[in-house]
Structures are given as structure tokens and as C-alpha cells.
Amino acid sequence: QVQLVESGGGLVQAGGSLRLSCAASGRTFSSHVMGWFRQAPGKEREFVAGIRWSGGYTYYPDSVKGRFTISGDSAENTLYLQMNTLKPEDTAVYYCAAGGTRTVVAILHSYDYWGQGTQVTVSS
């Protein structure tokens, strides 16, 4: 099992920045891929950013590319999401997720473990 705990959410004005953190514990050596997803009220959970530890490859959807940066340290079992130039449409609960060798970075249902989420609210 892998336990994931997110932190760093909050209220920010449009154009501002936030940095989310995700602390992993447990069988973290089984995590080959980690990602961030978000879910706004009344909407499906969507992919925000992902990283494959082997090679450090990162992935983003067009909606956040150039504004969000995923990073982390697999040895320290910590994942980050730096969010800049935030927009009201970025308002959502943000989730950290971890997966093994079969996980496809942008595919929600391929992840094995999820955190409880942290709320991000961007005011206009």
C-alpha cells in the first residue's frame, strides 16, 4: 500500500501562484508514475500533470501547459505541483495519485493509489 497526503491548497486571486505538495509513504518503491488530477464541482476528475520517475519525463494537458510544473524526488517520496498564472477555472479539488509499471500517465483509472485531495480556489 502507498499512502498519499496532499497539502498546499488554498484561496488565491487570479494570476497568483500556489505550490501543492504530496507526501508518499508505505510501499513507495512500487510507484513508477505519479500524477496530479483535479475535480471541479459537477465535473469529472481530469488529468493535470504527470511524471514518470524513470527518465523524469513530465506530461501536461494543453489547459495547464506553460503554467503548471510537476516535480518531485522519488528518493524523498515527495511530489510537487507549482501552479502559476492561476485562473478561476483552475478551481477544483486537486488529487495526488501513484501508479506502477502499467500506469498510463494521463489515464485516471490506471492509477493504484490516491490521496484525499486539497482544495484550490481561484477568485476572479
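Here are some notes:
- On inspection, Gly100 qualifies as more than 21 Å from Gly16 (Cβ to Cβ), among the small types (Gly, Ala, Ser) and surrounded by fewer than 17 Cβ atoms within 10 Å (Cβ to Cβ).
- Residue tally, condition within 15 Å of Asp90 (Cβ to Cβ), assigned to a loop (DSSP other than H, G, I, E, B) and either among the β-branched types (Val, Ile, Thr) or over 11 Å from the mean Cα position of the chain (by Cα) (or both), over the range 19-75: 11
- Any chance Asp73 is among the acidic types (Asp, Glu) and in contact (Cβ under 8 Å) with a residue 60 or more places away in the chain: no
- Positions within the range 76-118 being within 14 Å of the chain's Cα centre (by Cα), modelled with pLDDT of 95 or more and assigned to a helix (DSSP H, G or I), in sequence order: Asp90
- Conditions (1) open to solvent by less than 60 Å² (accessible area, probe 1.4 Å); (2) at pLDDT 95 or above; (3) under 19 Å from Gly9 (Cα atoms): number failed by Pro61: (3)
The values are calculated or read from the model by the stated rules, or taken from the named source; none is laboratory data. All values derive from a computational prediction rather than experimental measurement. Every residue, glycine as well, gets a Cβ built from its backbone with ideal geometry; the counts of neighbours run over all protein chains shown. The protein model used for the area step is the full one, side chains on, heavy atoms only, and it has no ligands, DNA or RNA in it. Shrake-Rupley method; radii C 1.70, N 1.55, O 1.52, S 1.80 Å.
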